[in-house]
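Here is the structure we will look at.
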Amino acid sequence: MAWFALVALTLVLSAWCGHCKKLAPDYEKLGTSFKKAKSVLIGKVDCDAHKNLCSKYGVSGYPTIQWFPKGSLEPKKYEGARTLEALAEYVNTEGGTNVKIAATPSNVMVLTPGNFKEIVLDETRDVLVEFYAPWCGHCKALAQTYEKVATAFKLEEDVVIANVDADKYKDLAEKYDVSGYPTLKFFPKSNKAGEDYNGGRDVDDFVNFINEKCGTSRDGKGQLTSKAGIVASLDNLVKEFLIAGNEEKKAVFAQIEEEVEKLQDSSARYGKIYLKAAKNCMEKGVDYAKIEIQRLERVLKKEKE
């Protein structure tokens with residue numbers, strides 16, 4: 001079938017464009033989803049390599065998404081949200097297709113008046129809440145980033161990334177002084193009145209905020225950072241423990257035990273690891289740490305093979 005007998009959605013981009021890179025994964029999924037729809041073509045043009053072509057179609061910014069109806073070289077500029085769902089809906093509407101996009105399970109906790117108190121006001125959890133409205137363009141633009149943040153912290157049991165339809169549940173919005181969308185509020189364990197989140201809205205901005213407020217150590221992909229497991233209040237005691245004699249070690253170990261008892265949340269979990277390592281050093285000798293590191297390196301190497 002010749003290309004002019006197709007309807008086509010075309011992404012016009014530049015290799016250095018950050019917004020283009022952000023859109024790329026969803027646009028790739030869109031192309032894959034419509035691959036079997038014979039009447040629709042999902043394409044893209046690199047304007048760095050094809051400047052004349054992009055100039056011909058009036059492209060002045062990146063990314064630009066244009067829809068070419070069947071048999072026409074006069075495109076319509078796509079002005080909708082840059083999400084997979086919105087793009088798929090547009091192509092189905094304009095192209096007369098009915099392609100279903102497989103839903104990806106979300107790691108964002110959905111709040112309602114029925115579970116808001118149980119989740120947000122739980123003093124064992126730190127909770128970030130997005131108050132949004134379904135019709136809000138800024139909310140739609142934030143959705144993909146917010147999902148990545150939720151995914152990054154999905155293994156942290158006491159950290160919750162949540163949202164609530166404030167347009168549907170107006171009483172909740174009014175209770176927390178929400179007057180615009182999206183509004184983000186942080187509810188730490190120590191303050192269930194809520195605090196306004198006024199930081200940046202990139203993944204790293206949110207991740208850095210959560211790490212600082214919750215004592216976690218995750219990167220934007222959910223991997224543990226080099227700071228994970230480190231408890232500053234125990235580090236000096238560990239140094240004393242390592243240089244101490246056998247009898248002195250027992251005294252320092254007792255101090256470590258006392259300090260671990262004071263720790264809370266993730267620090268408490270890490271503190272127990274410090275304590276276990278110190279106990280093994282006393283029972284198995286000063287070379288325990290070196291031998292254990294070598295053992296773990298062998299395990300990791302085996303997993304990669």
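Of all residues assigned to segment 266-280, at least one qualifies as being under 21 Å from A228 (Cβ atoms), more than 36 Å from the chain's Cα centre (by Cα) and either open to solvent by less than 90 Å² (accessible area, probe 1.4 Å) or without any contact (Cβ under 8 Å) to a residue 24 or more places away in the chain (or both). A search for C-beta distances below 7 Å between a residue of segment 156-175 that is over 16 Å from A193 (Cα atoms) and any residue that is in a helix (DSSP H, G or I) and open to solvent by 50 Å² or more (accessible area, probe 1.4 Å), counting only pairs 6+ apart in sequence or on different chains, returns D158/D265.
With respect to E247, determine if the residue is part of a helix (DSSP H, G or I), at pLDDT below 85 and loosely packed, with under 11 Cβ neighbours inside 10 Å. Judged against the criteria, E247 is a match. If you go through segment 155-181 and pick out every residue that is open to solvent by 10 Å² or more (accessible area, probe 1.4 Å), outside any helix (DSSP H, G or I) and farther than 15 Å from I119 by Cα, you end up with 11. Scanning segment 211-227 for residues that are open to solvent by 30 Å² or more (accessible area, probe 1.4 Å) and part of a loop (DSSP other than H, G, I, E, B) gives G215, D219, K221, Q223, T225, S226, K227.
Considering segment 57-93, the residues that are under 32 Å from the mean Cα position of the chain (by Cα) and open to solvent by 60 Å² or more (accessible area, probe 1.4 Å) include one that is farthest from Y27 (Cα to Cα), namely S60.
Residue-level check: of (1) in contact with a Ser or Thr (Cβ under 8 Å, 6 or more places away or on another chain); (2) part of a helix (DSSP H, G or I); (3) open to solvent by less than 20 Å² (accessible area, probe 1.4 Å), E130 misses just (2). Pairing residues of segment 204-216 that are modelled with pLDDT of 95 or more with residues that are part of a helix (DSSP H, G or I) and open to solvent by less than 10 Å² (accessible area, probe 1.4 Å), at Cβ distances under 6 Å and at least 6 apart in sequence or on separate chains, gives F206/V149; V207/A152.
The values are calculated or read from the model by the stated rules, or taken from the named source; none is laboratory data. A quick note: this is a predicted structure, and the numbers were derived from the prediction, not measured. So basically every Cβ, Gly included, is an ideal-geometry build from the backbone, and we count neighbours across all protein chains shown. Areas reflect the complete protein model, heavy atoms only, side chains present, ligands, DNA and RNA absent. Shrake-Rupley method; radii C 1.70, N 1.55, O 1.52, S 1.80 Å.
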